[in-house]
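Chemist: Below is one structure. I have some questions about it.
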């Protein structure tokens, strides 16, 4: 059960209410009037809890589940104990996310401007904002309605931030325009100068970085991630992109709608991710590369050439998943001791 010191629980809800708000359906034997008190993992669910099954690996836990209800696919119904109410859906994890959000909605923040905040008089602050202690907002910056700016954030001159955006503690933003309902986690760095310089034996010369960072609506950027401003073209992050912690995005990178980028990934300058690309943890994307729509790059892969739409890649240098495992099997055969 979530710790109520940190998470405020709503509810209870009837099972029928939860099915309606999530777009799922109840199995025939499930009573829609059953009262659900909380969400819980499958293994630790107790009476009054709703849990979910989204991975076949955990199917054995379903047999001994002590919860009141479980969210699962129709194909798993036969494995459920007879006393368990069932919420049927083709996407159990998404359904769980909607139900969990009903029990634990985002907390409403009270409008507030800390007396220790330093806000330039030429900046524009929207209605209902919460601005924490130690925040610095530069000249001609524009903050939309209902934004939350946590302590010690620095927002540079002329930066624009859309409505209901949340900026975590100690983040810094410059040379950027941020959309609505964006969540930047603590320590994020947006708009630093890109890693651009002309190399020469007598000394390297920095190239002015004259672009911006443009971030669309409904984007999340994880803690301590850095997104460099463009060198001339802008660095662009499309709507609905989800970026994990400790990601580095270089100058001029273009990231399309709905991409997912997992922790410790690095994307070199001037590369393009078309829409709904997924990058696994610690993957590396070389410069001036295009990754096609819907492509998936496995963890620790090193991508050094363009990737076609829908392609699944693995390894370093990255190759197709099928080719990667063929090579792996071949190497294992070569190294296997005869007679072992």
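The values are calculated or read from the model by the stated rules, or taken from the named source; none is laboratory data. What you see is a predicted model, and the numbers here were worked out from it, not measured in a lab. For neighbour counting, all protein chains shown are included, and Cβ atoms are generated from backbone atoms with ideal geometry for every residue, glycine included.
Chemist: Regarding segment 141-152, can at least one residue be identified that is closer than 30 Å to residue 1 by Cβ, assigned to a loop (DSSP other than H, G, I, E, B) and within 19 Å of the chain's Cα centre (by Cα)?
Modeler: Scanning segment 141-152, I find no residue that is closer than 30 Å to residue 1 by Cβ, assigned to a loop (DSSP other than H, G, I, E, B) and within 19 Å of the chain's Cα centre (by Cα), so the answer is no.
Chemist: Here is a further query. Counting only residues that are surrounded by 15 or more Cβ atoms within 10 Å (Cβ to Cβ) and either touching a residue at least 60 places away in the same chain (Cβ under 8 Å) or touching a helix residue (DSSP H, G or I) at 6+ places or on another chain (Cβ under 7 Å) (or both), how many does segment 97-147 have?
Modeler: So the count comes out to 6.
Chemist: Another question, if that's okay. Of everything in segment 22-53, what is out of contact with any strand residue (DSSP E or B) (no Cβ under 8 Å at 6 or more places or on another chain) and either closer than 16 Å to residue 98 by Cβ or outside the structural domain of residue 94 (by TED's automatic domain parsing) (or both)? Give them in sequence order.
Modeler: Selection gives 23 alone.
Chemist: What number of residues within segment 257-294 are surrounded by 22 or more Cβ atoms within 10 Å (Cβ to Cβ) and either farther than 22 Å from residue 187 by Cα or outside the structural domain of residue 231 (by TED's automatic domain parsing) (or both)?
Modeler: Looking only at segment 257-294, we keep the residues that are surrounded by 22 or more Cβ atoms within 10 Å (Cβ to Cβ), and these are 259, 261, 265, 267, 273, 277, 279, 283, 285, 291.
Then drop every residue that is not either farther than 22 Å from residue 187 by Cα or outside the structural domain of residue 231 (by TED's automatic domain parsing) (or both), which leaves 273, 277, 285, 291.
Qualifying residue count, segment 257-294: 4.
Chemist: Still on this structure: Would you pick out the residues in segment 196-216 that are touching a residue at least 24 places away in the same chain (Cβ under 8 Å) and over 20 Å from residue 156 (Cα atoms)?
Modeler: Of everything in segment 196-216, those that are touching a residue at least 24 places away in the same chain (Cβ under 8 Å) and over 20 Å from residue 156 (Cα atoms) turn out to be 196, 207.
Chemist: Do you know which residues across segment 36-47 are in contact (Cβ under 8 Å) with a residue 24 or more places away in the chain and within 16 Å of residue 9 (Cβ to Cβ)? It would help to see each step written out before you state the result.
Modeler: Step one: list which residues in segment 36-47 are in contact (Cβ under 8 Å) with a residue 24 or more places away in the chain, which gives 36-40, 42, 45.
The answer is 36, 37, 38, 39, 40, 45.
Chemist: From the set of residues in segment 230-264 that are in a loop (DSSP other than H, G, I, E, B) and within 11 Å of residue 215 (Cα to Cα), which is nearest to the chain's Cα centre (by Cα)? Before you say what the answer is, go through the steps one by one.
Modeler: From segment 230-264, those in a loop (DSSP other than H, G, I, E, B) are 230-234, 238-241, 244-247, 250-253, 256-259, 262-264; that's our starting set.
When the remaining residues are screened for being within 11 Å of residue 215 (Cα to Cα), the result is 234, 238-241, 256-257.
On the way: 234: 22, 238: 13, 239: 12, 240: 9, 241: 7, 256: 14, 257: 13 Å.
Per the criteria, the residue is 241.
Chemist: List every residue pair whose Cβ atoms lie under 9 Å apart, where the two residues are 6 or more positions apart in sequence or sit on different chains, the first residue falls within segment 267-294 and is in contact (Cβ under 8 Å) with a residue 60 or more places away in the chain, and the second residue, located anywhere, is in a loop (DSSP other than H, G, I, E, B) and surrounded by fewer than 21 Cβ atoms within 10 Å (Cβ to Cβ).
Modeler: 269/195; 269/196; 269/287; 269/288
Chemist: Taking segment 197-227, which residues are surrounded by 20 or more Cβ atoms within 10 Å (Cβ to Cβ) and either modelled with pLDDT under 95 or more than 28 Å from the chain's Cα centre (by Cα) (or both)?
Modeler: Of everything in segment 197-227, just one residue is surrounded by 20 or more Cβ atoms within 10 Å (Cβ to Cβ) and either modelled with pLDDT under 95 or more than 28 Å from the chain's Cα centre (by Cα) (or both), namely 209.
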